[in-house]
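Take this structure first; my questions come after.
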Amino acid sequence: MTASESHLFASINGYRNIDDFNFSESKDWLERRMKGRMGEILVEEMFKSLGFKTIPSGMENSFPHLMGDLKGKSDKISHEIRKTPDLLVYDPRTDKNFYIDVKFRADGRMTKDRLDNNPHDRAYILLISPYHIKCALVEEIKAGKSLTKGRSNFLGDRKEFQFETKHKRIIHRYRHLASNVFSKIPFTSF
């Protein structure tokens with residue numbers, strides 16, 4: 001990363017004082033962020049294909065000007081803002097809203113110890129990996145449910161979303177897309 005790219009990257013991410021930004025860590029952070037953002041785009045587009053309305057709601061979208069200011073703060077509100085789920089999805093068929101927090105994991109696993117003290121118990125974790133798209137509520141994972149490479153916890157099986165066979169086919173196509181995209185990316189930072 002050139003000096004001008006580093007300065008631009010730092011300013012985009014809310015650092016007012018360029019000396020507060022650690023340029024040596026920026027490459028790993030950027031790689032993780034790009035993979036995460038790709039997962040968010042995939043999930044957002046999938047829900048649109050399923051007939052849902054989607055609203056990006058994560059900190060990067062709702063509070064971009066606070067990203068640098070919240071770094072290192074440990075108060076409850078700062079923590080909740082940092083952990084704001086990535087998407088709000090609305091199902092016009094059922095008139096229900098769902099918070100979706102997209103997580104990418106190269107190993108296809110999400111367990112309680114990897115949840116990072118997420119305060120949004122009613123948010124759904126959508127785990128994207130080269131293997132699958134899995135889903136569980138934050139409160140279920142906190143209670144011990146694990147998302148792993150197995151034959152359970154698939155997004156299409158969640159009763160709350162009332163997916164029909166046609167919806168499950170769409171999800172299956174996006175799972176193949178995720179597999180094609182993420183299996184070709186080297187995972188040096190995850």
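Taking the Cβ of PRO56 as the center, what net charge do the other residues with Cβ under 11 Å away carry, scoring Lys and Arg +1 and Asp and Glu -1? Write down the numbers at each step before the final one.
Working: positive: ARG37; negative: GLU40, GLU44, GLU60, ASP86.
That sum, taken over residues with Cβ under 11 Å, equals -3.
Assuming 1.567 mPa s and 4 °C, estimate D for region 97-139 with Stokes-Einstein, Rh taken as the Kirkwood radius over Cα pairs, in µm²/s.
123
Tell me the relative contact order for region 101-190 as a rounded percent, counting alpha carbon contacts under 8 Å between residues six or more apart.
30
Return the lysines within reach of LYS142: Cα separation strictly under 19 angstrom, same-chain partners fewer than 8 residues apart disregarded; answer none if there are no such residues.
The reachable lysines, counting only those whose Cα sits under 19 Å from LYS142, are LYS76, LYS83, LYS103, LYS112, LYS134.
Every number here is computed from the coordinates shown, using simple stated rules; none is lab data. Since we're looking at a predicted model, the values are computed, not measured. Using ideal geometry, Cβ is built from the backbone for each residue, glycine included, and neighbour counts are taken over all protein chains shown.
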